[in-house]
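Each remark here refers to the structure printed beneath this line.
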Amino acid sequence: MKFKASFTDDGISLLDKRFLPAIDKVGRVCHVYLTPTHAMLLHNLLGSTGPEGDGPQCVAQFAKDLLFREYNVSSRDGNRVAFSVDVALLHRAIRSALAVHAQSPADGDAPAAIQVKLVNKQTPGSRSAAPFLTFETKGARSAVVQDVPISKPLSRSDVARLQDALDAAQELPETLVQVPDLQQLQNLVDRLKNIGDLLSVTVTQYANAPVVDQNVSATIRMEMAVERGEALSVQVSMKHLVKSLQCHLAKPDCTFYGIAPNGACLTVIFQYFIPGTRLTDKSISFYCRLPVLDPGTS
């Protein structure tokens, strides 16, 4: 089982400035999942990467060429490797590597890429080797090697479970509603969280209410839409919703909410555009799934 890669400047900046701060707010621990084509940060997909096993699931998936210049991963399990890591420790190592990398290089020299690899080493005082994610950085005045402790890489069966959970999490809701201002929604939820622990969320299939429903209250209108099969309604934990809203730190270009078929979960999808365009950047996929507190109504 091997992994060695060197970061692109844009890729490590995305992790440092956007995705690691966001995921760290959702949960303390995540799985790093590496395949021949993608690198992923997965929180809570197996329900065991943190103390809040029933909390939000979070998936950040990147095309390997977005994050890495050179990328080599190999294993007996279809060249797939997965392990868990403390998000704050991972972010701290990346920030330190970037600080060294920012040292002015000698005249005419390009700064060396930041490298990362999977290693087993025995630390002082230990009796056996332990796995680490090792970052190697060379600056003009110093070179730094940082070892981030990780879990033992997942077994073949656990990787299969992780992949199955990832496949299940990619099912899109039938209806998605765009949130025009994620920060404004976060401010609203911050005020509502002092009122109660639960929040009812309803998603309808239409933007404007039908003419026959326009003379009734919003609550009754939603109930009628649910009865007609034109809407889904679920209850979620306010705490979980607040956590998911921290994903605004990843600075998405658009945000959509939807309810999975049969009210299985509340899904939040964050969309990114290719810089300078309104075209979806397919090299980034980022979304959260919030567990519901009742089976929903359909």
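The values are calculated or read from the model by the stated rules, or taken from the named source; none is laboratory data. None of these values were measured; they are calculated from a predicted model. In this analysis, Cβ positions are derived from the backbone assuming ideal geometry, glycine residues included, and neighbour counts consider all displayed protein chains. Each accessible area value is taken on the protein alone, full model and side chains, heavy atoms only, with ligands, DNA and RNA left out. Shrake-Rupley method; radii C 1.70, N 1.55, O 1.52, S 1.80 Å.
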Taking the C-alpha atoms of the range 163-274, convex hull volume expressed per residue in Å³:
135
For D167 and D9, extending 7 Å from Cα along the Cα-Cβ vector and measuring point to point gives, in nm, a value of 4.1
The size of the Cβ-based charge dipole (Lys, Arg +1; Asp, Glu -1) of the range 153-292 about the Cα centre, to the nearest 20 debye, is 380
With every protein chain in place, the chain: carbon and sulfur % of accessible area (1.4 Å)
50
Quote the charge dipole size of the chain about the Cα centre in Debye, to the nearest 20; the model charges only the Cβ of Lys and Arg (+1) and of Asp and Glu (-1).
1060
Backbone N under 12 Å from the K251 label point (7 Å along Cα→Cβ), restricted to the range 1-21
13-19
Using only the alpha-carbon atoms of the range 97-194, report the extent along each of the three principal axes, biggest first, to the nearest angstrom.
52, 43, 31
FRET efficiency (L185, R28; Cβ distance; R0 22 Å; to 0.05) is 0.35
Which distance in nm do the two modelled labels at T280 and V177 give, with both placed 7 Å along the Cα-to-Cβ direction?
2.1
Would you mind working out the magnitude of the charge dipole of the range 141-182 relative to its Cα centre, with +1 at each Lys and Arg C-beta and -1 at each Asp and Glu C-beta, to the nearest 20 Debye?
440
For the chain, built as a Gaussian network whose Cα springs stay under 10 Å, the top-fluctuating residue of A143, A264, A165:
A143
Report the paramagnetic label zone for A129: residues of the range 2-26 whose backbone N is under 13 Å from a point 7 Å from Cα along the Cα-to-Cβ axis.
2-3
Probe 1.4 Å - accessible area at L154, Å² to nearest ten
30
Say we join alpha carbon atoms closer than 10 Å with springs in a Gaussian network model of the chain; which of Q205, Q271, Q115 then has the biggest fluctuation?
Q205
Using the alpha carbon gyration tensor of the range 210-270, what are the three equivalent-ellipsoid semi-axes (square root of 5 times each eigenvalue), largest first, in whole Å?
27, 14, 11
Determine the distance separating the Cα centre of the range 254-270 from the Cα centre of the range 1-78; give it in Å without decimals.
22
Among L90, V203, P180 the positive-end extreme of the charge dipole of the chain (Cβ point charges):
L90
Any GluC sites (Glu not before Pro) in the range 156-252 that lie in a DSSP loop and have at most 16 other Cβ atoms within 10 Å would be E171, E174, E230
Go ahead and set up a Gaussian network model of the chain, Cα springs under 10 Å, then flag whichever of A97, A112, A63 fluctuates most.
A112
Projected label distance in nm at K239 and Q103, using a 7 Å step from Cα toward the beta-carbon:
4.5
Value at 222 nm in deg cm²/dmol, rounded to 500, when DSSP H runs of n ≥ 4 in the chain each add -39,500 (n - 2.57)
-7000 deg cm²/dmol
Kirkwood-based Rg over Rh for the chain (C-alpha set), two decimals?
1.03
The answer for the chain, accessible area per residue at 1.4 Å probe in Å², is 51
On the full set of protein chains, 1.4 Å probe, figure out the accessible area of D65 and give it in Å² to the nearest 10.
110
